[in-house]
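Notes to accompany the following structure.
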Amino acid sequence: LPCCVLCTPLSPLSSAVSSVPCCVLSPLLCPLYPAVSSVLCCLICPLLCPLSSAVSSVPSFPCCVLCPLLQRLNERMTGAEGTRMDDDFQKMQKSVSVINTVVAELLSRTTELLQPNPARRAKVGVLSTVSRLKGQARATEYPQTERILGNCMVSYGQELGAASEFGGALTDVGGALLQIGQARDALNITVKQTFIDPLQKLHQSELKQIKLQLKKLNGQRLDLDYKKRQQGKVAAGELQRAWDKFSWSTEMAERSMFVLLQNEADLVSHLAALISGLLDFHRNTQHILLGLHGNLQARLTAASNKPERQFRSRKIQVQGDHNSIVGLDHQSSDPAFTSSGERHPVVPSGPSRPISGISDSNLVLDQPCCRALYSFLPSHDGELEFSEGDIILLVRQVDANWYEGSLGTRSGLLPACYVDVLVPLPLP
């Protein structure tokens, strides 16, 4: 008897798997299957299988619809080897598989590079989807970190006002960061148009088509191997048709993979477009930061050239009992003023006068210089002697511990820990 006749009484799973054709489970459940394998179970299936009514309406519905499934089960259970493709086909298939994987990975990683915050990235995606559903063409921009920091600096710089050098510097830096944010937005648009969109098109069209062709080819191979294994039990025309389908699927898949691998120049051009966009962004950023650096150096020089202001306590007036003004006259903390309000000339604390004897309040610090915090006596040749309070012109920085400077007609090395830099040396 065919094995499918015995499936129901022998299999405890028959009630649970009644929706599955019995011929699929017979090799697993029926102990008589090896003895009766010469009889095609599909001859009895239309009588016993619950799916027979579903497929009876299809004209000439062949039993080989289940052949690929049976062949796959046979290969996995018995380790039978199916039809092998040639080496060139396998190499192309492996290369296409790697390209498919790397394209998907590049799309994900490039998006993370342009929009590193996953929460904000998801929020922008949701808002863009809602805008499209509402029919709005307005695109939601990703909140760049440079723009957020720039807005913060500009806001507080405006609160401090133009009279504050620090406030002006905050405004300059904030404006530069806003320009960098705009440059990053332009980078996002450029990379999306020249790199992400072409890769997405490649992934959704050519690679997807090749994947479907390979899947179809695998099904044709399983059908062919099953009919080869059942050779002599199936019609000769069925075996020939299976071979023709397999050959046609092989040729189509091989042609598609060959065209993809031959067009590697397109993939390289996409990478070149990505690097070109990044290069333009960094050039623009460098130009913006160089201009900002020059503005900050000018502000630093202006802030250093401002005359020092001495704090003076005010005269506190108290209303007395007899409408008299009681003045609590505190002595001025400025040693240049006497109690009568007369001004005495200020003399530097060091024995030598700074830069041609000009007082500190009248100095115009338009070049790198420093003020001596302590007196220094040279212990080696080439070192510069100076006294506390001297203003020394800086020539260059030898290392982290020594400067080269000049004082009057003398020049030499001076220790960095002995001086306070008023106007720093320009960056190399």
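Points worth noting:
- Protein accessible area in segment 369-423, 1.4 Å probe - carbon and sulfur %: 49 percent
- Segments 205-212, 368-375 sorted - mean Cβ within 10 Å per residue, highest first: 368-375, 205-212
- Residue 417 versus residue 398: modelled label distance in nm, points set 7 Å from Cα along the beta carbon direction: 1.5 nm
- Computed from backbone phi with θ = phi - 60° and the Karplus coefficients 6.51, -1.76 and 1.60, the 3J(HN,Hα) list for segment 280-296 is 4, 5, 6, 5, 4, 5, 5, 4, 5, 6, 5, x, 5, 4, x, 5, 5 Hz; x is used for glycine and proline.
- Heavy-atom accessible surface of segment 369-423, averaged per residue, reaches 54 Å², computed with a 1.4 Å probe.
- Within straight-line reach of residue 228, meaning a Cα separation under 18 Å, sit the following lysines at least 8 residues removed in sequence or on another chain: 245.
- Nearest-0.05 FRET efficiency for residue 290 and residue 204, computed from C-beta distance (R0 30 Å): 0.10
- FRET efficiency, 1/(1 + (r/R0)^6) with R0 35 Å, evaluated for residue 186 and residue 297 via beta carbons: 0.80
- Placing unit charges on the Cβ atoms of the charged side chains and taking the dipole of segment 369-423 about its Cα centre, the candidate lying farthest along the positive direction among 398, 414, 370 is 370.
- Rolling a 1.4 Å probe over the protein chains gives residue 77 an accessible area of about 110 Å².
- DSSP-defined antiparallel bridges as percent of all bridges, segment 369-423, nearest 5: 95 percent
- On the basis of the beta-carbon distance and an R0 of 41 Å, residue 381 and residue 427 show a calculated FRET efficiency of 0.85.
- Given 94/192; 91/227; 94/123; 94/233; 192/216; 123/216, the pairs whose alpha carbons are separated by over 30 Å: 94/123; 94/233; 192/216; 123/216
The values are calculated or read from the model by the stated rules, or taken from the named source; none is laboratory data. What you are looking at is a predicted structure, and each value in this text was computed from that prediction instead of being measured. Reconstructed Cβ throughout: ideal geometry from the backbone, glycine too, with neighbour counts over all protein chains shown. Remember, those area values only see protein heavy atoms, side chains included, never the ligands or the DNA or RNA. Shrake-Rupley method; radii C 1.70, N 1.55, O 1.52, S 1.80 Å.
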